[in-house]
Every structure is written in structure tokens, then in C-alpha cells.
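This report concerns only the one structure given below.
The values are calculated or read from the model by the stated rules, or taken from the named source; none is laboratory data. Just so it is clear, the model here is predicted, and its values are computed rather than measured. Virtual Cβ from ideal backbone geometry, glycine too; neighbours counted across all protein chains shown. These area figures cover heavy atoms from the full protein model, side chains too; ligands, DNA and RNA do not enter into them. Shrake-Rupley method; radii C 1.70, N 1.55, O 1.52, S 1.80 Å.
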Amino acid sequence: MARTRITTQVAIMGAGPAGLMLSHLLAKQGIESVVVEIRSRQAIEETVRAGILEHGTVNLLVDSGVSDRVLREGDRHDGIELRFNGESHRIDFKELVGESVWLYPQTDVFMDLAARREADGGDIRYGVTDTSVHELEGRPKLWFTDAEGQEFEVEADFLVGADGSRSHCRRQIPEAARTQYFHEYPFAWFGILAEAPRSADELIYANSEHGFALISQRTETVQRMYFQCDPAEDVADWDDERIWAEFRKRVNGNGFELKEGPVLEKVVLPFRSFVHAPMRHGKLFLAGDAAHTVPPTGAKGLNLAINDVRLLAEGFESFYGSRSSVLLDSYSDRTLERVWKAQHFSYWMTSMLHTLPGADDFSRARQLGELRSVVSSRHGQAYLAEAYTGWPGR
Ligand code: DHB
């Protein structure tokens with residue numbers, strides 16, 4: 001059976017937030033795209049991801065007309081709490097840099113984008129198989145088989161790999177044309193969803209001699225929390241009592257007591273820093289996790305992905321509007337600037353808050369010195385606040 005040919009302007013592999021947001025921004029400029037995704041829409045909706053949106057991400061969702069649900073159902077957070085050595089220190093974002101973040105899960109961002117693309121008649125194919133990309137340096141093609149078993153070839157002016165950290169698109173770039181930067185960390189996060197009331201109004205990032213813990217939230221009745229663990233940890237070895245005992249050791253004390261409840265979900269999240277440069281090869285552009293991964297501390301992943309596609313959409317707009325390739329040509333350099341700032345911030349937050357396996361007295365005391373140098377200085381606090389809420393500009 002012959003492949004059915006579809007012709008479009010931009011073929012996008014991956015219907016996560018990066019792929020869908022790009023398709024949405026292009027549609028607003030009258031630029032056609034087809035988005036192809038191997039997961040089902042339901043599978044993406046059921047994956048629990050991080051929950052913090054920078055103000056710039058929120059503005060783009062609202063101003064570009066995706067949805068204002070984030071403003072109605074998300075929670076604006078004007079600060080976070082840093083805990084160490086039995087002390088609590090609030091970093092007041094609003095007062096320090098005039099900005100806030102929103103607690104609004106990535107899953108909801110996906111649902112808003114998917115609903116908007118559907119309402120606008122966007123061509124999004126979920127649950128496809130046998131995807132492959134061809135002729136990246138000529139007129140690119142994206143092959144796939146749809147859920148009914150029909151084979152397609154999407155021929156496009158450009159191809160965008162927004163296909164996540166295990167990107168197929170990225171792997172098609174020749175070795176000689178790329179540099180890959182990796183950093184491994186000797187720990188992971190044990191993440192839970194628990195049925196319990198909120199323990200605090202804002203997020204708590206806790207450094208303790210027993211390791212790091214993060215107290216985050218989801219709704220009035222469901223909370224999200226993490227504790228630093230060994231990457232080889234098996235969730236099956238952790239019953240509710242053992243999990244709560246670990247959290248208590250790390251965050252309870254000085255009048256604070258975590259509100260506990262049944263654990264609904266548990267997962268071990270690996271830590272990795274990764275950057276692929278450049279983020280372009282011929283007619284292929286990479287966006288989001290396909291090109292970079294940050295450790296979760298500071299929740300930069302989704303925010304970077306959204307910033308990538310904002311710049312990429314501007315590049316395509318200028319290409320189709322005034323036949324200028326300047327913005328597309330500088331896309332990789334411009335987006336990597338923010339990616340490396342976020343790599344540094346995530347690495348810094350991670351190293352400042354986590355306990356290195358085998359840490360000696362010097363390393364622990366030095367770490368407290370570092371935390372004090374942040375919380376005791378307006379400049380230190382403002383550095384954290386600016387990075388956490390999202391650097392101005394691009
Ligand atoms: C969440 C995750 C993060 O990595 C973070 O830094 C803050 C919050 C979350 O899932 O809520």
C-alpha cells in the first residue's frame with residue numbers, strides 16, 4: 001500500500017507542550033503544521049510532571065489565547081521557603097524582583113494546549129507508530145503509521161523535533177555535526193502524590209543532614225512531594241509509613257509538622273543534565289527536552305521548552321512573512337543562552353540543597369555557608385528569585 005502524502009509548512013514530531021505550543025503559535029500566524037505523537041492523548045494526560053510555571057510562560061499561555069485557566073485555577077506563588085539547620089527563610093520573589101510563579105501542573109498545560117488545538121482545527125495525530133524522519137538537509141519528510149494502520153509521509157519545508165528526551169529526531173543528526181554535554185548526579189528524587197491537605201502555602205525546599213526534600217502541592221486534597229534518594233531505589237520497597245518517616249526526618253521540627261495521608265503514586269525520577277548543540281541541523285530544529293534536560297530542582301524543564309518554541313515561532317514567522325532566515329539562523333545560539341543559564345541554576349540549586357553521598361564535615365559546613373550567603377544577603381536572595389521566576393528577556 002502506497003504512503004499517503006501530506007504536504008505542510010512545518011512538520012512537528014511530538015505533541016507535548018513544546019510541539020503543541022509551537023503548532024498553536026504558528027497557526028496564529030497562518031503557518032500550517034502537522035503534529036505527530038507516538039503516545040496517546042490519554043497517556044500524556046495521565047503522566048505526572050512538574051508544576052511550576054514562570055511568569056513568562058503564564059503570560060504566553062494567556063496572551064496567545066491558549067487559555068486563562070492557569071489564572072483561575074492555578075495558584076500564584078510570590079515566594080518559596082528555604083529550610084536548613086532547623087531554620088526557615090522565605091525568599092520573597094515579589095518584593096525582590098517584582099515577579100511570581102504559578103503552581104499549575106504541566107499536565108494541565110498539555111490539556112489546555114490540546115483542547116485549543118482541537119478547537120482551532122489543528123492537525124494533531126496521537127498514538128502513531130513507526131515514525132522516522134528523512135532528508136533533513138533537503139526537503140524533509142516525516143513518516144508514520146496512524147492508529148488505523150495507514151502509512152503516511154508528511155513532506156514539509158521544515159521539521160521540528162519536539163519529541164522528548166529520548167528524541168528520535170536528535171539521533172538522526174550526524175555525530176560530526178553535534179556536541180553533546182552530559183552531567184550525571186549521584187542521586188534521584190523519590191516523588192509522591194499523597195491525599196492530604198496542604199502543609200504550607202508555599203513550596204518548601206529543605207536541606208537536611210538526612211538529605212533534600214521538597215514539599216509542593218497540587219490541590220486542596222492532593223499534594224506532591226519529593227525526597228532525595230539513591231537512583232537505584234525501588235518504589236516497591238517503600239510503604240506509606242517508611243515514606244512518611246523519611247519526610248518527617250527531613251522537614252519536621254521547630255513547630256512545623258507535615259500533614260500526612262495515603263500515598264497515591266510513587267516514582268523515582270533520575271537526575272541528569274544534558275545539552276545538545278547546536279539545536280539545528282539543516283531543515284531540522286530541536287525544541288524542549290529533545291535538546292536539553294535539566295535536573296528537576298527549580299522546575300525549569302517545561303519553561304525552557306516553552307521559551308524554545310516562542311523563539312522558533314518568531315523565526316518561522318519572519319521566514320514566511322519576510323523571507324528572512326536571520327532569526328531561524330540565530331535560533332540555536334539565542335535559545336542555548338537561556339538553556340545554559342537554566343542548566344547552571346538547576347545545578348546550583350541541586351548542589352546547594354542535596355547531600356552528596358559520603359559528604360564529610362567540611363562539605364556539610366561549606367554547604368551551610370553557601371545557604372547562609374544566599375539568605376543573609378538581599379543580592380543572594382534576588383539572584384535566586386530572578387532565576388526561579390524566570391530571567392527577563394530571552
Ligand atoms: C515541583 C517540581 C519541581 O521540580 C520543583 O522544583 C518545584 C515543584 C512540582 O512538581 O510541584
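Annotations for the structure displayed:
- Amide H contacts of Ser324 (H built 1.01 Å from N, in plane; Pro and chain starts excluded): Phe319 sit under 5 Å, all sequence-distant by 5 or more or on other chains.
- Near His55, once Lys and Arg are set to +1 and Asp and Glu to -1 for all other residues with Cβ below 13 Å from its Cβ, the sum equals -3.
- Relative contact order, whole percent, for the range 106-232 stands at 15, derived from Cα pairs under 8 Å and 6 or more residues apart.
- Once the Cβ-Cβ distance of Ser373 and Asn252 is raised to the sixth power relative to R0 = 25 Å, the FRET efficiency obtained is 0.45.
- Kirkwood Rh (inverse of mean 1/r, distinct Cα pairs), the range 276-338, angstrom: 12.0
- Test item: Cα-centred dipole of the chain, Lys/Arg +1 and Asp/Glu -1 on Cβ, debye: 820
- Among Leu311, Pro357, Ser33 the positive-end extreme of the charge dipole of the chain (Cβ point charges): Leu311
- For the peptides 287-295, 141-149, the ranking by mean Cβ contacts within 10 Å, running from highest to lowest, is 287-295, 141-149.
- Selection from Pro270, Gly65, Gly321 lying farthest towards where the dipole of the chain points positive, charges on Cβ: Gly321
- Accessible surface of the chain [probe 1.4 Å, protein heavy atoms]: carbon and sulfur percent: 49
- Unit charges at the beta carbon, dipole of the chain: most positive-side option, Ala200, Trp143, Gln223: Trp143
- For the range 164-182 and the range 258-307, distance of Cα centres in Å: 16
- The range 343-394 - accessible surface per residue (Å², probe 1.4 Å): 49
- Gap separating the Cα centres of the range 41-78 and the range 113-156, nearest whole Å: 25
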